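Visitor: Sharing a structure below in structure tokens format, with a few things to ask.
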Amino acid sequence: MTLKLLLIFLAFQSTGYGFWRNSDDPKQLLIHSKKLIANELNRCSPKSRFTEEDLTRIMGKNLRRHWNALRMDLLTKANEEDYSKMESCLNHVHHHLQKLHRQLRKAEKNGNEKRSHRNHHQDGVSRTEKLSRNSRSLDSSTSELIPHQVEHPIDLTQKQLEWMGLKEKATLQRFRRTNPTKWEILIKTGQIFYHSRKDIRKKSQKSLEEYCKTNLGKLIGEENLQEIKEMLAESATVEKIEAKFAEIVGELTNEKDRTNAEHYGQFCRKVFRIVHFKPGSIIQWLNSNQKMQIMGMIQDPNIGDGQVYDKIFDFYNSTTGDARETAREMIDNGCRRFIAHTFGEDVEEEIDVALQHGNSSKQQLAAKLAIHGEQIQDDRSRKLVVDSLPICTRIYIGFDYSCECNGKSDECHPSTYTCINCGGNTFGIQCEQCLDGYQRTPTGDCANTETSDTNREQEDENEKPQKKCECNGHSETCSKLGKCLNCDDNTDGDRCEMCIPGYYGDPRAGTSTDCTPCPCPDNGECQVNDSGLVECLQCPADKTGITCEKDVKKDSKEEKEERNRF
């Protein structure tokens, strides 16, 4: 039994549960049951206040409908950081509530029998014997409050993990340093998968879905699993699917099965993308004091939005080491979810791929998001989106609000960051396109079509040169489209702009020593962290430290298997 569940169980005992068991008055049972459930709900959501009306409804005949409504209300208000914990806590409360509900109905039935047979003893069962029997029944039900030992999750196979690249492995490696349980590692893996790009998820989507269907099906039954599948196929809301799943899990009679189903559920929600969108997740990395400062600034009518965002950026810039990595991960993940939820997964994919490959300027990406936001029809929704974009624009995209217009303008729109009053027959976010009737010349200008035709004939005579080869000094050969070939000096990429695995550095400096071998065992891969230190992505089993320079104590066989499984 976990400490948390032990405290819950003891709380039932210490709040007069013994009196409750020995009482045969349904009214007293109802009063005492309300107190017990109120205590449990307050543990799940300390900031909430539950009225007498709330408790009366969930203890009444329509238990399922009223409980689901209350549960959804609490989960909707929870932030992403506390969501999983609150969900698990509420599932346990629901299980206890069902037991209390059954005992109340039984007590009412026994009370009716006693009134009917008050003056008749022909059934041979005395009042004392009945009470004793009821007490034994309640005693046996409370033993189920103590959960069975929770099993470890079924290991993910290599095929189910083939979507994980260097970035995903590094994220999981940082998490493993906190000594998590196997369940926590599985759930974290689900979170990383959820936040990965669509093309990355595609590699293992089907195999992970099968993993979920197999393991959840064993616990909740094929019939219940089929019902969830049908809800997914019909695009039911997240709230409805979660309510149905909580109902199914709450009806399982074995505590171990309930707990395992809840854990698998947390992982599988990420696989099937049954996840609430919470705009506040973008700033969940702020500590309590920082959040209080931001809240105070928001409530001050003399402080503008720009000052609030500047303060958030100051807090971000003040973070270092693991705190900086955690903050950046939460911002990047939160922004990707925000963009996908608001503008669609295609837009999110376009922005993320452009950031990965560097084939669009940061001004262009920031402008595209801003333009999408300005096009939202509903005034309230548009303001909410536009007000939320600066964090993503500045940190996730990395736009510094500079106005670059290819020399055709020196003025940008303050909200959409697009160049205005473009000269030289150009238009576009950065005056990068030619107007109709004009074409780009070798000098970069936009000339009249007739003039361009004359120039083109001249170029044909002189054999138009191949597109300029820009390889950061690491290659002299390119394809006709300008893609670098045969990158030297341990570099790679369309512009020889990346170091090959096992090396680190900045190839854009243009020297033969730009990429340095990683100081890791077995030519392992590394990265430069936010503190400017070189960090190995994975160490051998007997080594630790950011460059695997330290020996670790010998682990047991089980510990080694757990650490190396991913």
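Visitor: What are the residues whose amide H is under 5 Å from the amide H of Ser409, where those residues sit 5 or more places off or on another chain and H is modelled from the backbone?
Guide: So Ser409 has HN proximity to Gly423.
Visitor: Beyond a 27 Å Cα-Cα separation, which of these cross-linked pairs lie in this structure: Lys213/Lys244; Lys202/Lys383; Lys182/Lys270; Lys188/Lys362; Lys85/Lys270; Lys202/Lys550?
Guide: Working: Lys213/Lys244 16 Å; Lys202/Lys383 34 Å; Lys182/Lys270 17 Å; Lys188/Lys362 30 Å; Lys85/Lys270 16 Å; Lys202/Lys550 38 Å.
The answer is Lys202/Lys383; Lys188/Lys362; Lys202/Lys550.
Visitor: Starting from the Cα gyration tensor of segment 202-349, multiply each eigenvalue by 5, take the square root, and state the resulting semi-axes largest first in whole Å. If you can, show how the numbers build up before the last one.
Guide: Values: eigenvalues 286, 60, 50 Å².
In descending order the semi-axes read 38, 17, 16 Å.
Visitor: Modelling each spin label as a point 7 Å along the Cα-to-Cβ direction, I'd like the Ala233/Asp73 distance in nm, to one decimal.
Guide: Taking the two extended label points, one gets 3.5 nm.
Visitor: State the extension gain, in nm to one decimal, for the chain segment bounded by Glu350 and Lys291, taking 0.36 nm per residue of separation less the distance between their alpha-carbons. Present the calculation step by step, with values, prior to reporting the outcome.
Guide: On the way: separation 59, 0.36 × 59 = 21.24 nm, distance 3.17 nm.
Contour length minus the Cα-Cα distance gives 18.1 nm.
Values quoted throughout were computed directly from the atomic coordinates according to the rules given, and no laboratory measurement underlies them. Since the model is a prediction, treat every value here as computed from it, not as a measurement. Note that each Cβ is placed from the backbone with ideal geometry, even for glycine, and that neighbours are counted across all protein chains shown.
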